[in-house]
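Structure first, commentary second.
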Amino acid sequence: MSRVRDVVNQCQLFSVEEHQSVAEVAKTMAGFHVGAILVFKGDELCGIFSERDLMMRVVLEHRDPERTPVREVMTANVHTIDECATPEEAMEAMQANNCRHLPVTRDGHVVSFLSMRDLMNYEVARQTEEIHHMRAYISNG
C-alpha cells in the first residue's frame with residue numbers, strides 16, 4: 001500500500017523565516033519555482049505562504065511587499081499529515097481542510113511538503129503503469 005512518503009520521495013524542503021518580507025519570500029519562491037512555501041519561526045512551523053496569499057492579502061490590500069513581514073499575510077492555521085498516511089487520506093485531508101498543500105511530518109517534525117499536484121502526478125503514474133500491465137497481460141493471454 002502506498003504512503004505519503006512514497007509520493008514526496010526525497011524532495012528538497014523549501015522554507016523561509018516568519019520575519020522575512022513578502023518581497024524576499026516571493027523572490028525565494030520564484031527562484032525555487034514553487035507556488036507555496038513553508039514558514040518557520042526557528043524550528044517551529046508557523047504557516048504557509050502561497051501565491052493566493054500574495055494575491056489576496058498583499059496585492060488586493062495594497063500592502064508594500066518590501067515592508068510587510070510574511071507572518072502578517074501567511075496562512076497560519078496549517079494542517080499537516082503524517083508520512084505514513086495513504087495518498088487517499090492526504091486527498092481527503094486536503095478536501096476537508098480546503099487546501100492544496102500539506103506539510104508532511106515524521107515524529108511531529110516537518111520532513112516534506114505535499115501538494116495536490118504531487119498527488120495527481122503520483123496517481124497518474126500509478127494508473128499508467130497499471131494500464132501498461134493490463135495491456136501486456138491481455139496481449140500475452
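The values are calculated or read from the model by the stated rules, or taken from the named source; none is laboratory data. These numbers come from a predicted model, not from an experiment. So basically every Cβ, Gly included, is an ideal-geometry build from the backbone, and we count neighbours across all protein chains shown. Side chains included, ligands, DNA and RNA excluded: accessible areas come from the protein's heavy atoms. Shrake-Rupley method; radii C 1.70, N 1.55, O 1.52, S 1.80 Å.
For ARG100, ARG71, write out the residues from largest to smallest accessible area, computed with a 1.4 angstrom probe and no ligands counted.
I get ARG100, ARG71, largest accessible area first.
Full extension from GLU89 to PHE32: what is 0.36 nm times the residue separation minus their Cα-Cα distance, to one decimal in nm?
Extra length from GLU89 to PHE32 when fully extended: 17.8 nm.
Measure nothing but the geometry: give the 0 to 90° angle between the long axis through the Cα atoms of 87-96 and the longest principal axis through the Cα atoms of the chain, rounded to 10°.
Roughly 40 degrees between the two axes.
Could you please state, rounded to a whole Å, how far the C-alpha centre of the stretch 72-141 is from the C-alpha centre of the stretch 6-51?
Using only Cα atoms, the two centres lie 19 Å from each other.
If you take all C-alpha pairs in the stretch 88-132, what percent of them are over 12 Å apart?
66
What does the accessible area of MET29 come to, in Å² to the nearest 10, when a probe of 1.4 Å is used?
For MET29, the solvent-accessible surface is approximately 10 Å².
Round to the nearest 10 and give me the degree value, 0 to 90, for the angle of helix 22-32's Cα axis relative to the longest principal axis of the chain.
Taking Cα atoms only, the helix is inclined about 30 degrees.
Contact order normalised by length for the chain, with contacts defined as Cα pairs under 8 Å and 6 or more residues apart; what percent is it?
For the chain, the relative contact order is 25 percent.
Which whole-Hz ³J(HN,Hα) couplings does the stretch 103-118 yield from phi under the Karplus relation 6.51 cos²θ - 1.76 cosθ + 1.60, θ = phi - 60°, glycine and proline marked x?
Along the stretch 103-118, the couplings run x, 9, 10, 9, 6, x, 10, 6, 10, 6, 9, 9, 10, 4, 4, 4 Hz.
Can you tell me what share of the DSSP beta bridges in the chain is antiparallel? A percent to the nearest 5 is fine.
Percentage antiparallel, nearest 5: 75.
Residues in the stretch 75-90, backbone N under 17 Å from the label point at ASP43 (7 Å along the Cα-to-beta-carbon vector): list them, ranges by number please.
none
LEU13 to GLU129: extension gain in nm, 0.36 nm per residue of separation minus the Cα-Cα distance?
Result: 39.0 nm gained on full extension.
For the chain, which longest stretch is free of loop sites, where a loop site is one of the GluC sites (Glu not before Pro) that DSSP puts outside H, G, I, E and B and that has at most 10 other Cβ atoms within 10 Å?
67-141
Pop the C-beta distance of ASN140 and ASP6 into the FRET formula with R0 = 41 Å and round what comes out to the nearest 0.05.
0.90
Over the stretch 37-76, average the accessible area per residue using a 1.4 Å probe and give it in Å², no decimals.
Each residue of the stretch 37-76 exposes 64 Å² on average to a 1.4 Å probe.
Using a simple charge model, +1 on the beta-carbon of Lys and Arg, -1 on the beta-carbon of Asp and Glu, nothing else, what dipole does the stretch 49-141 show about its Cα centre, in debye to the nearest 20?
Using only the charged Cβ atoms, the result is roughly 220 debye.
Quick one: putting +1 on the C-beta of Lys and Arg, -1 on the C-beta of Asp and Glu, what dipole do you get for the stretch 1-85 around its Cα centre, in Debye to the nearest 20?
160
Please report, as a whole percent, how much of the solvent-accessible surface of the chain comes from carbon and sulfur atoms (probe radius 1.4 Å).
So the carbon and sulfur contribution to the accessible surface is 50 percent.
Looking at the stretch 1-108, which chymotrypsin sites (Phe, Trp or Tyr not before Pro) are in a loop (DSSP not H, G, I, E or B) and have at most 15 other Cβ atoms within 10 Å?
Passing both the DSSP loop test and the Cβ count: PHE14.
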